[in-house]
1. State whether one or more residues within region B:237-249 are surrounded by fewer than 24 Cβ atoms within 10 Å (Cβ to Cβ), in contact with a strand residue (DSSP E or B) (Cβ under 7 Å, 6 or more places away or on another chain) and under 26 Å from A:Val157 (Cβ atoms).
2. Are any residues in region B:388-412 under 29 Å from the mean Cα position of the chain (by Cα) and within 14 Å of chain A (Cβ to nearest Cβ), and if so, which ones?
3. Could you check B:Pro277 against (1) surrounded by fewer than 24 Cβ atoms within 10 Å (Cβ to Cβ); (2) modelled with pLDDT of 95 or more and say which number it fails?
4. For the condition within 19 Å of A:Gly45 (Cβ to Cβ) and of a type in the set (D, E, K, R), what is the one hit in A:Arg204, A:Arg194?
5. Taking region A:263-305 only, how many residues are within 17 Å of A:Gly45 (Cα to Cα) and surrounded by fewer than 24 Cβ atoms within 10 Å (Cβ to Cβ)?
6. Do the conditions hold for B:Asp108, that is, is it surrounded by fewer than 24 Cβ atoms within 10 Å (Cβ to Cβ) and within 18 Å of B:Leu58 (Cβ to Cβ)?
7. Between B:Asp225, B:Asp180, which is over 23 Å from the mean Cα position of the chain (by Cα), of a type in the set (Asp, Glu), under 24 Å from A:Gln281 (Cα atoms) and at the interface with chain A (Cβ under 10 Å from one of its Cβ atoms)?
8. Among the residues of region B:409-425, is any of a type in the set (Ser, Thr, Tyr) and in a helix (DSSP H, G or I)?
Amino acid sequence: MMNGSHRKVAPKEKRFHGGEKMETYIQAIVNGFLMGSMYGLIAFGLTLVFGIMRVINFAHASLLMMAMFLAYGLCQVGMNPYLSLIIVVPVFFGLGYVLQRTLIERALKMEAGVREPMSVLLLTAGLLVLFENLVLLGVGPDYRTAKTIYTGATFKVSGIIIKTAWFYGFLATMISYFLLSSFLKWTWLGQAIRAAGQDRDAARLMGIDHYHIYGVAFGIGMALVGLSGTILVPFYYIHPAVGWVFGIGSFIIVILGGLGSTAGAFWGGVIIGLIESLGAQFMNATWTIVVVYGVFLAILFIRPAGLFGLKFEW
Amino acid sequence: MEKKSGMKKIGVMIAVTVLIALFVVGYRNGALHAQTREVLVGAVFPLSGPLAPIGQHLRCGADIAIEEINQAGGIKSLGGARLKVIYGDSTGDAKVGVTEMEKLITKDKVSVVTGAYQSGVTLPMTTVSERYGVPFYATGSEDQITERGYKFTFRSNEKTSWRVRDQVKFIMDMGRRFNDPVKTAALVYENTAWGQGAHRDWLKNLGEAGIKIVIDESYPNATTDLTPVVVKLKAANPDGIFYCSYVSDAILLIKTIAEMEVNAKAIVGLSGGTADPNFIPGVGKSCLYTFDCVRWEPDIPRHGAKALCEKYQKRCGVIMDTEVMKQYTYMYVIVEAIDQAGSTDPKKIRDALEKIHIKAPDPAIKFVEDELYFDHTGQVFKGSMVGVQFREIDGQIQRVTIWPKQVARKGIDPVWPMPKWSERKK
């Protein structure tokens, strides 16, 4: 067998240490940036829904999990994970629209005069628990990983290892960010969404059916969740509780970047990704969490609205 | 005529009264009977949340033991009373575990409690059992669980310090056998009670073995990503990577080590997540040639173990792992203790556990140990570990027992050191 193949280990080559260290740091920065951009994408849907509807969607985490399961199921029947976007994204848009028009709208109408409705908060928190346990009952507790051609695949750029699935995830983030910003800026529907987000009463007076607009906005938020879930599937495990892993991080990112700000979600994600990745090279991984929360508190102290949190963002 | 009908009336009334009396007595007897015919045992596992798979597997294994026990006639000294398990879900959270324990004791009035897999959850639960005076036959491996002088905590799980001692011995033995020892080590561990205990014992055992620790890294077990830690590992280039992880983090760690092509002579786990049946499908070929150190393996030749493993796999859908096997054995030991106590009184069961001494052919322990009794702390007197390597056999990734020699699977030689990633087919 392979026992004798390198029994005698040659003394480690004396490499130029500075260069080796530098390579490690560059590797850490690349990883942090790629992973962080995906954290940002996961937080996108959350911040969009808040920015427009002033609804904090606690069910975000379990919806992400459900998107992962849907994409995983499509992978299992032989679909390319990125091709499965053409199913997952519309399905989640529809799911978001329906959720808004049937459940959330009702709760909103009950507290129409309140700026940050409490019953909606409780409703989404209830949905979080409901969805997670339904999936747990339906598919069982086991951990699954999709076996796709991207799983475990890497490529090298001058010595730096890049995970293929992370790179595609990063591309998807950039494309969706670009498309979404253009949509909100240049289309009538996008402008109507922004108008409803800025002042729902004024928007209604201008003839905008703001409940329909909320449905579209929630649908877009959920479509982003569907996109996030799909790009995670090639490299992440899938489990009924997987939403929790990303859930709390998403809330921190959204508040760090500024509630309702899409650019804030992106940069918030990248900052957290970089702290985790680069920070771990100088300290224990447990401590990077402390730094994340430290930066989070510091930013809240200096800029209470978050990094990009302006009153009217669009 | 009239007299006769009067007599008849009285006769009917007497008959009815007697019937009612019989019914009431019979019912009460039945109720009394039902009380002694069922002994309630509480079991707390992480049935939902990130550790739900192992929690559900533990429940399935415990259910099999309970069924076997009840089919074999239940608890003899209580007139064949049946055992009934009430499950509590810790969700993997210490606070929830404590609440579930209190509910089992105060509301369900169980006679004895077992669980809770995670050391960090088990540890605070021991305090609850002590307060209510209900015996807690605990799992979890953190040394502290049985080292705080508690009178109601018992454990036949091995301690973390025993695991680490044997894990280090295993790796040193392999190094000697192939004349290529591990000289530097990286420690990667989850940051709750279990990982912290492992860390304490690694420092001691690796220090005594003269191994230099180049990375000492704890991480939160609900982490999204372990790539930052793996990048650090790659830069430090240690001979041995010793890790202590639950299943989701073990999957992330080993997959990322393969992606980032971190080469080491040995990557070795410490039961828990590495031994979980979800681990192999989760990581695929990335785990090949890595090692693990556990109390029990399905391929250790022990009489009757194979049949049990097949039964378990058929019923629960996964291969039997060391934690489930131990929990299965636990249920038998509980029955033994209740039988010897001859009572459902928690205090009497505690006293029986203290005095228990079981030897090998007894079904209670035959698959794991030759002998079982508790020392004055409530800890089982000893537990030996085996070393395992992940190997591909007939196209299937398996855990193969390779150490110590007397229990090693025949016909398979260990591969040491682990082949470099560049030498493997991707």
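1. No - not one qualifying residue is present in region B:237-249.
2. If the condition is that a residue be under 29 Å from the mean Cα position of the chain (by Cα) and within 14 Å of chain A (Cβ to nearest Cβ), then B:Gln389, B:Arg391, B:Glu392, B:Ile393, B:Ile397, B:Val400, B:Ile402, B:Ile412 are the ones that fit.
3. Answer for B:Pro277: the failing condition is (2).
4. Numbers: A:Arg204 fails: within 19 Å of A:Gly45 (Cβ to Cβ).
Just a single option satisfies the conditions, and that option is A:Arg194.
5. Applying the first criterion (within 17 Å of A:Gly45 (Cα to Cα)) to region A:263-305 yields A:263-270.
Pick out the ones that are also surrounded by fewer than 24 Cβ atoms within 10 Å (Cβ to Cβ) and you get A:263, A:267, A:270.
Matching residues across region A:263-305 total 3.
6. Details: surrounded by fewer than 24 Cβ atoms within 10 Å (Cβ to Cβ): yes; within 18 Å of B:Leu58 (Cβ to Cβ): no.
Taking the combined requirement at face value, the residue does not satisfy it.
7. On the way: B:Asp180 fails: under 24 Å from A:Gln281 (Cα atoms).
Criteria check complete, one pass: B:Asp225.
8. Let us first name the residues in region B:409-425 that are of a type in the set (Ser, Thr, Tyr), namely B:422.
Those left that are additionally in a helix (DSSP H, G or I): B:422.
Yes, region B:409-425 contains a residue that is of a type in the set (Ser, Thr, Tyr) and in a helix (DSSP H, G or I).
The values are calculated or read from the model by the stated rules, or taken from the named source; none is laboratory data. Because the structure is a prediction, the values reported are computed rather than measured. Cβ atoms come from the backbone with ideal geometry, glycine included; neighbour counts cover every protein chain shown.
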